[in-house]
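Report on one structure; see the data block that follows.
The values are calculated or read from the model by the stated rules, or taken from the named source; none is laboratory data. It should be emphasised that the depicted structure is a prediction, and the values quoted were computed from it without experimental measurement. Reconstructed Cβ throughout: ideal geometry from the backbone, glycine too, with neighbour counts over all protein chains shown. Note: accessible area is taken over every heavy atom of the protein model, side chains too, but ligands, DNA and RNA are not part of it. Shrake-Rupley method; radii C 1.70, N 1.55, O 1.52, S 1.80 Å.
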Amino acid sequence: MDLDFSKNYFELLGLPVGFDLDNEKLSGNFRSLQSELHPDRYANASEQERRLSVQGASLINEAYQTLKTPLNRARYLLELRGVDLDSGQDMSSDPMFLMQQIELREEIESVKAKPDPLSALDKLDAQVRAWNRELQQEFADAYDADELEQAGQVVLKLQFFNRLFDELKRLEDQLEHELI
């Protein structure tokens, strides 16, 4: 086993460091490394090799889980550049985004009262996904331009949308359950 534990997640998975990545290559490289490092392949190896296999497989899994999700990948990229998003930053400095949050929350609340709530929810979900894609592009642009403070602000917005997707999914499940 020849795994360099000092490499960052992109290097471990054979990818260039950046927000935009080839998801097929990410998955393929992950599966290849996962197969190579699987602890079953080291069942008859020394204790140290078995331990390194387990640690390596765990590291590769963590790297894959981080890079496959745009929000986690963005946070990790900023972490690589020394940006700490857990230092109490908030979105209160962006009044337009605060207004958008309020409007989205109101729209979510009104979905149940619509004549066709599932259709209204689908429309809202599509709109939120489009905004989320725009934010991902905004992050990539800011990160590539080395505007890390702006990129950090975009990550905080992406976190809001991530929570919003969870809410939309719960509402969809609730509406489907009520229609049954």
* Between helix 23-37 and the chain: long-axis angle, C-alpha atoms, 0 to 90°, nearest 10 -> 40
* To do: Please work out the Cα center distance from region 155-170 to region 30-72, rounded to the nearest Å.
  => 30
* Pairwise label distance in nanometres, ALA130 with MET99, each label 7 Å out on the Cα-Cβ vector -> 1.9
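How large, in Å, is region 40-127 by the Kirkwood hydrodynamic radius built from its alpha-carbon pairs? If you can, show how the numbers build up before the last one.
Numbers: mean 1/r = 0.0564 Å⁻¹.
Hydrodynamic radius (Kirkwood, Cα only) of region 40-127 equals 17.7 Å.
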* Asked: Do any GluC sites (Glu not before Pro) in region 77-180 lie in a loop, going by DSSP, with at most 16 other beta-carbon atoms within 10 Å of their beta carbon, and if so which?
  -> GLU147
* What order do VAL54, VAL111 take when sorted by accessible area (1.4 Å probe), most exposed first? -> VAL54, VAL111
* Asked: Direction-averaged shadow area of the convex hull around the Cα atoms of region 1-87, nm²?
  -> 6.1
* Asked: By a straight-distance test (C-alpha under 20 Å), which aspartates and glutamates pair with LYS169 as possible cross-link partners, with residues fewer than eight away in the same chain excluded?
  -> GLU103, GLU106, GLU107, GLU109, ASP116, ASP122, ASP125, GLU178
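What is the percent carbon and sulfur in the accessible area of region 3-127, measuring with a 1.4 Å probe over the protein chains and ignoring ligands? Walk me through the intermediate numbers first.
Working: 3580 of 7590 Å².
Carbon and sulfur: 47 percent of the exposed surface of region 3-127.
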* To one decimal place, what Kirkwood hydrodynamic radius in Å is obtained for the chain from all pairs of distinct Cα atoms? -> 18.9
